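Notes follow once the structure below has been shown.
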Amino acid sequence: MLTIGYQPWGATLDELVTAARQAEAAGADVIWLPELHRSSTVTAAAVGAATTTATVATGITWAFTRSPMTTALEALDLDELTGGRFRLGLGTGTRRLNEEWHGVPFAHPADRLRETVEGIRMFWRNSATGEPIETTGPLRPMRITGYRRHTDHPVRPIPIYLAGVGPRMVRLAGEIADGWLAHELCTPFYIRERVLPAIHSGLDRAGRSRADIDVTASAVCAVADDPDTASALTAGHVGFYAGVRAYADFFDLHGVRDEHERLAAALRAGVPAHELRASDRMRDALTIAGPPDQVLARLQEYEGIADAVKISPPVHGLAPDQIRRAQAALIALIAEIRSRRGHG
């Protein structure tokens with residue numbers, strides 16, 4: 001049975017927290033907090049303090065814009081705040097985001113992410129005992145001596161999820177992570193054709209089994225009785241991500257390479273990302289939109305290939321009131337999923 005996660009939205013932090021609490025009450029198993037317009041760790045703290053049963057996870061925290069020590073400390077504090085309900089989701093972001101937005105290196109991202117995870121886990125282990133924390137990798141070296149974290153909260157190996165789109169990053173998740181988290185645009189076809197082979201390659205390399213990793217799909221969903229109205233809500237959301245050239249192989253796999261190239265060219269020509277709009281063909285291929293029963297049926301397609309699915313409303317290119325209505329409909333859908341499970 002799929003674990004159901006939800007990614008809340010809010011024009012204010014209070015509104016986002018309220019949406020998270022409503023999703024938890026509706027039956028969401030995990031609340032995922034992204035990092036783009038807000039800090040993933042700050043919102044995770046706000047949501048963690050306001051919820052009681054759902055797992056709280058960052059989806060994702062950018063791995064290179066903080067030091068491994070800072071990320072490790074934030075994760076420990078969030079795990080304590082939530083009473084052990086926290087998961088740390090990490091991702092690299094794109095080259096432009098790292099180098100132009102944050103002024104940090106992006107070369108060799110898979111190796112850099114591997115060293116980041118190594119440093120975080122070593123910090124968790126050794127900071128409780130006072131042992132030296134030393135990693136020797138050339139990309140994210142750490143050398144911390146004489147340091148000990150004094151806390152009564154027991155330090156546990158907090159689950160680390162790695163986001164990845166390309167085969168090397170997905171393979172790394174299979175090799176070292178507790179979970180893999182999909183990009184917001186993720187289809188069952190993509191998981192079967194690209195993700196699972198790479199996951200298994202990484203598992204085999206590390207001598208691990210499929211049970212050692214939680215595969216979490218993502219689905220942008222718009223619920224409305226009229227299918228065309230629902231689909232139209234996702235046009236800006238798909239367009240926003242279609243402007244990223246690094247995702248070319250993903251769009252090519254789904255037969256929409258030509259449109260991806262058109263939207264990426266428009267972004268380079270100066271069209272703001274939030275104004276890009278995907279065609280009917282592109283958004284129907286990559287999102288789930290329609291009446292409740294149709295959306296539920298499409299979500300069921302992840303059964304047997306993923307362990308969990310993170311669902312979220314479209315947000316890019318929409319006015320706040322449109323997002324609020326889309327979010328309310330999606331939280332109601334989570335309640336319907338829980339109701340059907342209860343009668344199953």
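Within segment 274-312, if we keep just the residues that are among the charged types (D, E, K, R) and buried (at least 22 other Cβ atoms within 10 Å of the Cβ), the residue that is nearest to residue 264 (Cα to Cα) turns out to be 283.
On the basis of being touching a helix residue (DSSP H, G or I) at 6+ places or on another chain (Cβ under 8 Å) and crowded, with 19+ Cβ neighbours inside 10 Å, does residue 224 make the cut? So residue 224 fits the description; yes. Would you confirm whether any residue within segment 313-320 is surrounded by fewer than 17 Cβ atoms within 10 Å (Cβ to Cβ), in the same structural domain as residue 190 (by TED's automatic domain parsing) and farther than 22 Å from residue 59 by Cα? The answer is yes, given that some residue of segment 313-320 is surrounded by fewer than 17 Cβ atoms within 10 Å (Cβ to Cβ), in the same structural domain as residue 190 (by TED's automatic domain parsing) and farther than 22 Å from residue 59 by Cα. Of the residues making up segment 70-115, those that are surrounded by fewer than 18 Cβ atoms within 10 Å (Cβ to Cβ), of a type in the set (Asp, Glu) and under 12 Å from residue 158 (Cα atoms) number 2.
Every condition in (1) over 19 Å from residue 253 (Cβ atoms); (2) in contact with a Ser or Thr (Cβ under 7 Å, 6 or more places away or on another chain) holds for residue 284 except the one numbered (1).
If only residues of segment 26-41 that are out of contact with any helix residue (DSSP H, G or I) (no Cβ under 8 Å at 6 or more places or on another chain) and hydrophobic (A, V, I, L, M, F, W, C) are counted, the one that is nearest to residue 4 (Cα to Cα) is 30. Cβ-Cβ contacts under 8 Å between residues 6 or more apart (or on different chains), taken from a first residue in segment 94-112 that is in the same structural domain as residue 167 (by TED's automatic domain parsing) and part of a loop (DSSP other than H, G, I, E, B) to a second residue that is at pLDDT below 95 and basic (Lys, Arg), are listed as 106/95.
Among residues belonging to segment 247-259 that are closer than 22 Å to residue 98 by Cα and surrounded by 15 or more Cβ atoms within 10 Å (Cβ to Cβ), point out the one that is modelled with the lowest pLDDT. Here the residue is 247. Test residue 41 against the criterion of being polar (S, T, N, Q), under 23 Å from residue 126 (Cβ atoms), touching an Asp or Glu at 6+ places or on another chain (Cβ under 6 Å) and part of a helix (DSSP H, G or I), and give yes or no. Yes, satisfied. Taken over segment 241-286, the residue count meeting the criterion of being among the basic types (Lys, Arg), under 19 Å from residue 189 (Cα atoms) and touching a residue at least 24 places away in the same chain (Cβ under 8 Å) is 2. Evaluate the following for residue 222: is it of a type outside the set (Asp, Glu) and either modelled with pLDDT of 95 or more or not in a helix (DSSP H, G or I) (or both)? For residue 222, the condition - of a type outside the set (Asp, Glu) and either modelled with pLDDT of 95 or more or not in a helix (DSSP H, G or I) (or both) - is met.
Of the numbered criteria (1) closer than 28 Å to residue 147 by Cα; (2) free of Cβ contacts under 8 Å to residues at least 40 places away in the same chain, the one residue 75 fails is (2).
The values are calculated or read from the model by the stated rules, or taken from the named source; none is laboratory data. From a predicted model like this one, the values you see are computed outputs, not experimental measurements. Cβ atoms come from the backbone with ideal geometry, glycine included; neighbour counts cover every protein chain shown.
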